[in-house]
Structure formats: C-alpha cells, structure tokens
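The values are calculated or read from the model by the stated rules, or taken from the named source; none is laboratory data. Just so we're clear, the structure is a prediction, and the values are computed from it rather than from any experiment. Here the Cβ positions follow ideal geometry from the backbone for every residue, glycine too, while neighbour counts run over all protein chains shown.
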There are 2 protein chains.
Amino acid sequence: MEVELSHRDQDILKATVISYIKTAAPIGSRSITKQFDFGLSAATIRNIMADLKDLGFLLQPHTSAGRVPTEKAYRFYVDLLLEENRDLSEIEHYQLAKTEDLNTLLHDASKTLSILSGYASIVMAPRIETIIFKHIKFISLKKNLILAIFVTGDGHPYNITVEMDEPLSQKELDRLSAIINDRYSDRSLDEIRKSLLTEMHEEKKRYEQLLIKVFDLNKKNLNEFQENQLFLEGTTNIMDLPEFTETEKIKSLFKAFEEKVALVKLLDRCLSSEGPQVLIGSENAFLEANECSLVISSYRLGEKDVGAVGVIGPIRMEYHRVISLVDYTAKLITKAHLC
Amino acid sequence: MEVELSHRDQDILKATVISYIKTAAPIGSRSITKQFDFGLSAATIRNIMADLKDLGFLLQPHTSAGRVPTEKAYRFYVDLLLEENRDLSEIEHYQLAKTEDLNTLLHDASKTLSILSGYASIVMAPRIETIIFKHIKFISLKKNLILAIFVTGDGHPYNITVEMDEPLSQKELDRLSAIINDRYSDRSLDEIRKSLLTEMHEEKKRYEQLLIKVFDLNKKNLNEFQENQLFLEGTTNIMDLPEFTETEKIKSLFKAFEEKVALVKLLDRCLSSEGPQVLIGSENAFLEANECSLVISSYRLGEKDVGAVGVIGPIRMEYHRVISLVDYTAKLITKAHLC
DNA sequence: CTTGGCACTCTAAGATAAAGAGTGCTAATT
DNA sequence: AATTAGCACTCTTTATCTTAGAGTGCCAAG
C-alpha cells in the first residue's frame, strides 16, 4: 500500500495543497495547469490526481467536483516543510515591547502572533512546577490572612493569599521565610514540594497549614492557577474563514475555547519536544472535534522548556508562514527571558 | 403625541412583549387570545395592536405578519418591572464559594451569573482609583527591579513591578514605605495621587521614578490594568439565541467582546447610579451596534460603589429574571466584601 | 505516456408555485 | 360606541423544477 510517490506526483500534490490553502475551494486539474507550469496538460494532471485520490491524499466532494486535500496530504506537505525549511527566512522579524512584567510580555506576544498569523494564538505561561524558587516573603494582610510572595530565579513575583485558622506574628513569619529561603533557594517548586513533605519535621506542625497552601502541596489550585496563565487572542479571526461560516462550527470551537483546562493539557503535551510541532486535525481529539490544526513551539527559561506558544487555525492553514512565525515568537520570548 | 395608554392597552402590550421574549417570533392577535385570557376576541386585540403600532410600541416586519415589540415597548415593560418589583422573590438564591481572593470571588460570580442567566455575564473588579490604601511594602527583585505591594483597606493585595534607572537599597525602600504608610494610610488612591504631586518635595527627587510608576501618576497603565480586571463569561450562550444565527452578528459581537476597554467604559458609566440599571439596544452605542441589551448593578465596598456586575443579552432578554439575578449577585459580592 | 475531445455528473443559483399565517376591513351584534 | 365574526388579500416560507457551469472520466489519436 505504501508506495513511494514519484517526484512529479509530489509536485502535483504540493501544488494542490498550496492552491487549496489559498482558495478553500476544490481544485480542478485545469486550474493547476493555469497556476503552475508543469508542462503538462490538464488531462495528465487529472490522471495523476486520480492516483493521488486512490492513495488517500485527495478526495472529491462528489464525482464531478475538483479535489480537496486530505489530512494525509497536509501531513505530507508539513513534513516536507519541516524538513526543508530550517531557515525561516520569509517572515517579518518583529520585536516585542520591553517590559518588566512577564505576563505583559506573553500577552503582547499572543496579540502580535494572532495579528500576524491571522488566526487564533495561544500562549501558556511557565508551568508553575518548573519555576526556580529564589526567595519568599510573608506579609500579614489581616488578622488571619497572610500574603506569600515568592520570587523566581529570573525575578518574577508570584503571590498567594492564605487564610489561616490561627494568626501568626510577623516575627514568626519572618523566621519561617528565613528558613525557607536558606534551605530551598535555587530549587524548582517541584523539588521543594517533594522535600517539604519529608523534611521540616520540627517546623511542620506550627506552619503546616501555611506551607501546604503556599506550595499547594495538595495541588488543589494548580489547574485553576494554570488556567489564568493562558493567553488566547484573535479568536474572532477564525470567524472570517470560510470553513467556519456555519454557526454550529463556530459555536463548538468557541465553547472549546472557554474550556481553558483542555487547552492547557493540549499545550502541555508538546512541552518536551524539540522545535515547532504541528498537529493536524484528527491527530488530536480537541482539534478533531473542531476541525482545526495547531502549530506550537515551546520557549525556554534557563535550559528548560517551561511554556509554549501556538497558533490554532483551520486544517487548511498557511503552515509555511505560521510555522516560521510561531518558531520565531518562541525564540523571542526565550530571548526576552534572558535579560 | 404622548397619549396615556389605557390599562387594557398596557396589558396587551405587556402580553405581546412577554410572548415575544419567549418565542422570538412575531406575535399574532390570535396567539395572544390563546395564551392570555383577556376576555377579548382576536379582532379586538388586533385593533388595539394596530393602535400600539401607531404609537410606536409595536412594528410589523411586513403587512401580513404578526407584531414585534420595539425598543420603546421594552423600555415601557422594563420601567414597569423596576417600579413594581423591588422584592426579587422569584429567583433561586445561590451562594458564592468562600475565598480569600477577590478575583476568584468575582470570577466565580461571573461564571455563576452566566450560567443562571443563560446569557453573557460581565463583572468589573473595583476601579483602582477608588481603592482605599492601607500600607505598602517594597521588595527588591533584581538589581534595578522593585516589586511594590500595596494592601487595601479590606486586605487585598495589589502588586506592581517597577524597573528603576538606578538601584535603591532595601533600607531606603523600607524608609520610603514607612513614610508612605504613615502619611497615606486609609486614603483612596485617587487622593494619594493628587497629594503626591503637590507634597513630598524633599523625597520626590530621589524616589520620583518609583512613586510615579507605583501610583501610576501619569495614568499610563490604568486602562490596561482595568482591562485585566474584567471577567466576561458565558459569551457562547449568546450563540444559541435565534437573533444571533447570522454569522455576521456573532462576529461583530465577539469582536466587540475582545475590546475590553469599551466594555469597561460602558460599565463605568453606570457605577454611580442606584439599584439595577437596564440599557436597551440603541440607548447605548456599544449595545446598538450589536443589537443587545445590558442589565447592570454596582456592588459596594465600604459605602462606595466600586465595581459592577452585569448581563449582556439580546434585546429580547428575560428582563424580569435577569434584573433580579444581577441585583442579587451585586448584593452577594457586597456582602462577601464585608467579612 | 500524453493529450484533445466530448458525453456525463453533480452542484449552485434562479424561477415558479403552493401553503400558511395574519392582517385589515366591513358588516353584524351587543 | 365598542366588540366581534367573516373573508378577501398580502406577504413569507418552503418545495419543486430548471438551467448553467465546472469538472470529471474515458476513449481514441498523437
């Protein structure tokens, strides 16, 4: 079954995909001869396209219509792109506004990415577990309300409000923070979490409640926290696409967008892989349900991949341009982190 | 022109509005006689409806169709509701989960409101200018990066990261915070802002950059800040409504939703007024453009109205239920603030 | 193997017709 | 004088039919 495509077949397939990405309408053999110069007649192209149909790369909405690429065709096209195009030369090299606030940076990146891609962009802030802890400070807000601020290795603050059953004096809090800073500085939250559960026997009793909540030892708020760390922009761009003219499809996609947890999971899966990744239609349950594709790349903080940026678009996405754009944006964020 | 409607005319008008709110289809004289028992024949109702049409309360899509309420009719109906119904008895009295975090509370309220109303909900966090300042604390994050945390009168923290041209020692920062806490505790940010510009001559030079950024004296980030303090939930509910089947209308509304600044302005306008407010269609530019209505109520913090909750729905909204719901939710938030 | 030619297929768009809901008016009734 | 029944008329909606057009599939010739 798995026959190698001849060079010429590949060219025709590529041409069909490219053409369909532009027009979103079934591609006829005639229009291929007009747009591309293969030195072949429409009839020949027609024969080749019939073969490609049999191989599962193209399909016909009905007998007397042009051909439409299948997901297999997009996969073939994208794999070719990812092989060939390691240079990413053709996109405009934008810059992000300088800012001290990480969230602002990511928000900006997401907005820019949505505008330049013309699709919806999605940016996930660093996974909290991977963050490197530097030091912590406690501030008493009200009687039993304590604000914990921890600062990360790269100088970003996170704050957590904790309600205590019994009040703690500022002196006690300072003592506790000194201990924590001394013992856990420069370690990841994940490590700290594990250590805290085994070490800290003497302090534990008195501060148990506080520590559990601050380091979220029972991982209660993790999902909700991460949910707030997701930037989704340009979703309305999707509505301008011809494949999303039916209200039902728009509805389904936007309901999915509201479920941020599912999106976080989707991005999370791609964190560990190298370079830009492309998920096409039914290669993923979320995408399949909404007939769309995802181009995604992770950004680094230090030497670890901690977050991801991506673009959600139609299966008929301009993969070439978007892959470059996503890859570039991820690198931009990695670079901004360094300063 | 402004003739008083007879009691009977009012009843027919009300019946037409109520019926149309349910069905979203033009209301015929016959269907009125079926649904309501006025002891009148269809022909009589027909005559009355013709009068109401002449008075601008009803209109006909075409000669041989039923009647549809105009905005004037909704206004009449809503004014009647607001007069009569100060009791709000008929909605279910839900509760919000206890939480220490104000944003979580507002987010929860927004989600609940959208689910219970069946429309889109919108919740604005307290306007930052109205917040009562309690004390401030500075933490050095990196060389020239300072984190300022100010705590409000009711114990909620806000933090701002400031990048300085020159570093300040922790000692200096502590001295400055002591001065600020001493001088400005229990005053609103708006007041503090005004005072800072005139007072603080001696400290000003050295700390000018820091103070300007922390208290946002040039109001640069205010809009962006407020933008992040807006919770919009259940927007996809709107897509289920028959008036939003056309993709163009959905698109327009969702593009408007992305413009959070406009929404903030819309809510802001209503902050000072007493009780639940209703804006119907063309009574507001934003709503007119998207053919929808807004029910809104402000919540208090102390004795000042600081934020607002609302519901955005079709002009054919179930005002009765929604007004009660919005009013109740606003009161719930006000109450939660007190603890 | 490639190509021109041509009959055939299927959709999309326009045209026509019939059904149905509701009005507006008139004349009869209370 | 207000109310009601009756009925012709209007306008939309839905279904059916027709036609134009794009594109294929296949055959026979190059």
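Please tell me if A:Val78 is away from DNA strand D (no atom under 12 Å from the Cβ) and not charged (D, E, K, R). Criteria met by A:Val78. For residues that are hydrophobic (A, V, I, L, M, F, W, C) and farther than 27 Å from A:Leu105 by Cβ, tally how many sit in the stretch A:288-320. Summing the residues that are hydrophobic (A, V, I, L, M, F, W, C) and farther than 27 Å from A:Leu105 by Cβ in the stretch A:288-320 gives 2.
Scanning the stretch A:74-123 for residues that are more than 14 Å from chain B (Cβ to nearest Cβ) and closer than 30 Å to A:Phe215 by Cα returns A:Ala109, A:Ile122, A:Val123.
Here is a yes/no grid of residues against (1) more than 10 Å from chain A (Cβ to nearest Cβ); (2) small (Gly, Ala, Ser):
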| residue | (1), (2) |
| --- | --- |
| B:Ala125 | yes, yes |
| B:Ile131 | yes, no |
| B:Lys134 | no, no |
| B:His156 | no, no |
| B:Asp165 | yes, no |
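Of all the listed residues (A:Asp51, A:Asp101), the sole one being at pLDDT 95 or above and surrounded by 14 or more Cβ atoms within 10 Å (Cβ to Cβ) is A:Asp51. I'm trying to understand the selection: among the residues of the stretch A:62-75, which are more than 10 Å from DNA strand D (Cβ to nearest atom) and either at pLDDT below 95 or not acidic (Asp, Glu) (or both)? Result: A:Val68, A:Pro69, A:Thr70, A:Lys72, A:Ala73, A:Tyr74, A:Arg75.
Which of the following residues is within 15 Å of B:Leu81 (Cβ to Cβ), part of a helix (DSSP H, G or I) and among the hydrophobic types (A, V, I, L, M, F, W, C): B:Val295, B:Val322, B:Val311?
Exactly one of B:Val295, B:Val322, B:Val311 is within 15 Å of B:Leu81 (Cβ to Cβ), part of a helix (DSSP H, G or I) and among the hydrophobic types (A, V, I, L, M, F, W, C), namely B:Val322.
State yes or no: is B:Lys142 within 14 Å of chain A (Cβ to nearest Cβ) and farther than 20 Å from A:Ser140 by Cβ? When the stated conditions are applied, B:Lys142 passes them. When the stretch A:29-40 is limited to residues that are surrounded by fewer than 18 Cβ atoms within 10 Å (Cβ to Cβ) and near DNA strand D (Cβ under 10 Å from one of its atoms), the one that is farthest from A:His62 (Cα to Cα) turns out to be A:Lys34.
When residues in the stretch B:20-31 are screened for being among the aliphatic types (A, V, I, L, M) and more than 8 Å from DNA strand C (Cβ to nearest atom), 2 of them pass.
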